[in-house]
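The values are calculated or read from the model by the stated rules, or taken from the named source; none is laboratory data. Here the structure is a predicted model, which is why all the values come from computation and not from measurement. Note: ideal-geometry Cβ built from the backbone for every residue, glycine included; neighbour counts use all protein chains shown. Areas reflect the complete protein model, heavy atoms only, side chains present, ligands, DNA and RNA absent. Shrake-Rupley method; radii C 1.70, N 1.55, O 1.52, S 1.80 Å.
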Amino acid sequence: MAVSVNIEKNFRDFSLKVQFEGSSAAIGLLGASGSGKSMTLRCIAGIETPDRGKIVINGKTVFDSEAGINLKPQKRRIGYLFQNYALFPTMTVEQNIRCGYRGEKSSAQEKVSDLIRRYHLEGLEKRLPSQLSGGQQQRVALARMMIGEPEAILLDEPFSALDGYLKDVLQREMQDFLQDYPGDMILVTHSRDEAYKFCKELSVVDGGRILVTDETKRLFENPRMLEAAKLTGCKNFSAVQRLGEHEIYATDWKIKLHTAEKVAEDITHVGIRGHWIRPEDKPGENCLEVQVDEYIETTFEHQYMIRRKGEEAAAGLWWMRPKNSFREDPDRGLPKYLYLPPEHLMLLK
């Protein structure tokens with residue numbers, strides 16, 4: 001895939017400035033609501049016009065403010081799946097699918113029939129969107145998008161309004177769809193789990209700007225920036241003092257830490273995900289004696305807010321501990337020490 005976006009869009013209360021280069025067939029834009037993710041998609045699709053910049057998809061320039069290029073949405077060969085699917089409420093299933101067709105009228109019905117079979121919509125052709133389940137609506141929206149044979153598809157938080165079980169079902173169906181789709185995909189989401197599940201490459205968006213772009217697993221492992229670490233779900237942070245090439249003092253946690261990564265001069269914070277903190281029986285390097293300040297029980301894990309024992313001014317860290325059963329005593333078997341593995345310490349700017 002080759003996606004190049006370098007655009008600016010200004011509003012009264014918001015400014016969007018996005019620049020990223022995508023090389024994967026599945027790119028994600030991860031960020032909080034109002035960060036500019038959906039606006040980025042709308043600019044790529046041609047629904048919104050940037051004030052300045054350039055958008056290139058698969059070597060084809062679809063927008064260039066300096067060259068005066070601004071292709072209409074119909075000319076961009078891009079499919080767009082909206083959050084609520086945006087099906088026409090007074091049109092039947094087959095009418096909704098047909099309205100996305102751009103080819104010869106004589107072959108329209110054949111194309112519609114083929115997509116109805118491909119997306120398992122047989123028997124639903126004459127139904128209205130209100131007569132369909134959430135999964136059926138999604139499949140109709142996908143069929144309408146695919147009848148235009150797009151070179152790339154844009155998915156705008158397609159699971160955000162769904163309950164847990166239906167979301168799981170539709171995500172599995174979407175994964176099956178993407179395995180068969182030969183083109184490229186950009187997914188917008190505020191869910192780190194969705195970003196990790198669907199996207200090989202990820203850009204973190206905050207305040208209308210791309211903070212960082214990287215291969216998804218590598219970005220979760222090493223976000224490099226404090227805000228990017230927060231948006232990927234990390235809860236534990238401390239300001240740092242650099243003591244050496246592989247040594248820092250976490251000023252909030254009140255502990256000296258050895259790091260696997262070399263400590264650059266411009267590092268300001270350290271972070272660690274609560275699931276990577278490990279119990280220990282004895283003191284040692286990167287260990288702190290445990291004092292539990294708070295406990296939260298979730299469905300499948302225990303969450304403890306811990307701090308270094310005897311350091312009342314120390315900030316706490318969240319430690320996540322998986323449950324063995326729903327009746328397990330959360331106080332049973334608590335370790336005396338916790339270990340912060342050097343390879344899981346994230347050095348951040």
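Return a whole-number percent for the relative contact order of region 203-264, with Cα pairs under 8 Å and 6 or more residues apart as the contact set. With pairs under 8 Å counted, the relative contact order is 19 percent. The H on the amide N of Leu187, modeled in the peptide plane, is under 5 Å from the matching H of Ile27, Gly28, Leu29, Leu155, each at least 5 residues off or on a different chain. Every Cα-Cα pair of the chain was included, and the share exceeding 32 Å stands at 44 percent. Out of every Cα-Cα pair that region 197-349 contains, those further apart than 24 angstrom amount to 37 percent. Shown in residue order for region 34-44 are the 3J(HN,Hα) couplings computed by the Karplus curve 6.51 cos²θ - 1.76 cosθ + 1.60 at θ = phi - 60°: x, 7, x, 5, 5, 4, 4, 4, 5, 5, 4 Hz (x for Gly and Pro). Distant-in-sequence amide contacts of Leu243, defined by a placed amide H-H separation under 5 Å and a gap of 5 or more residues or a different chain, comprise Ile248, Tyr249. Distance between the modelled labels on Glu285 and Ala25, one decimal in nanometres: 4.3 nm (7 Å Cα→Cβ projection). Among the protein heavy atoms, those of Tyr196 account for about 110 Å² of accessible surface (1.4 Å probe, every chain in place).
Relative contact order, whole percent, for the chain stands at 16, derived from Cα pairs under 8 Å and 6 or more residues apart. Entry comment: accessible area of the chain is 51 Å² per residue, from protein heavy atoms only and a probe of 1.4 Å. For region 219-262, the square roots a ≥ b ≥ c of the C-alpha gyration tensor eigenvalues yield an a/c of 1.5 or more together with a/b not exceeding b/c, which makes the shape oblate. Here the Karplus curve 6.51 cos²θ - 1.76 cosθ + 1.60, taken at θ = phi - 60°, turns the phi angles of region 69-74 into couplings of 9, 7, 5, 5, x, 5 Hz, with x standing for Gly and Pro. Per residue of the chain, the DSSP helices (runs of n ≥ 4 H) give a summed -39500 (n - 2.57) that works out to -6000 deg cm²/dmol at 222 nm.
When you filter the GluC sites (Glu not before Pro) in region 56-144 for DSSP loop state and at most 12 other Cβ atoms inside 10 Å of their Cβ, you are left with Glu66, Glu104, Glu122. Apply the a/c threshold of 1.5 to the C-alpha gyration tensor of region 281-349 and tell me whether it is rounded, prolate or oblate. Judged from the Cα gyration tensor, region 281-349 comes out prolate (a/c at least 1.5, a/b above b/c).
Nothing charged except the Cβ atoms of Lys and Arg (+1) and of Asp and Glu (-1): what's the magnitude of the dipole of the chain about its Cα centre? Round to the nearest 20 debye.
820
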